[in-house]
Amino acid sequence: MLTQVKRFLCSMTETDSSKACAAIGAVLPCVWDTEIWQNLREDERGCHAADGSTRRSSQRKDGSTLGGNLDTIAIECIGDRKLSEDTTAKLVAWLCKKHGLDPKTDVYTHKYFYPRKQCPQYILPHWNTFLSTVQKYYNTLTDKAVTPKTEPAGRTYTVKHGDILWQIAQTLLGKGNRYTEIVKLNGLKSNVLMSGQVLLIPEK
């Protein structure tokens, strides 16, 4: 289980519907109109960027580097379809929010990693407009008023990088298999944890 999935988003690719099957094993989500289906786990490496295991400068100002295959989540937007493109923009915004990424610096074209490839073919000519749409959806996700929560009584634990539920339960409750109590108490929908996340811990 990873506490931090990928550091960068990316790599918008596109195919015509007739070619979509060839991309299925290479990318994470595929988008067709309002449908999205996931082909790889977010922590699973794909071969979408065609850059092997190489790295290059990122778009960030901090001097960081990234590899398309190594560090990004690819999204396949199928066909020249406005609805698919809009759904893709919503998905990119949601992934940016989920993984603490900035739409201004952490969204890439396939062409960024593989310059000979004019991809995403249909979005590339208006890439900046697409990014503006992503930013608009991102703002609606992040600008919502947050109601302060009252800290519940009891013990809490702040997740650190590398933590997994089993290990937390083993350390704090004496038995790793008691991680299910932590899941239930916190209403977790999955076992994926994020650094900085605060968990309620059951009584010993």
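Every number here is computed from the coordinates shown, using simple stated rules; none is lab data. Just so it is clear, the structure is predicted and the values come from calculations on it, not from any experiment. Neighbour counts run over all protein chains shown; Cβ positions are idealised from the backbone, glycine included.
Quick notes on this one:
- Judged by the ratio a/c of the largest to the smallest principal axis of the C-alpha gyration tensor, the range 155-201 counts as rounded, that ratio being less than 1.5.
- Calculated FRET efficiency for the pair D62/T171, C-beta based, R₀ 45 Å, to 0.05: 0.85
- Length gained on full extension, T54 to K160, computed as 0.36 nm times the residue gap minus the Cα-Cα distance: 35.3 nm.
- Model label points for L188 and N128, set 7 angstrom from Cα along the Cα-to-Cβ axis, are 4.4 nm apart.
- For the range 62-152: rounded, prolate or oblate by the Cα gyration tensor [a/c cutoff 1.5]: oblate
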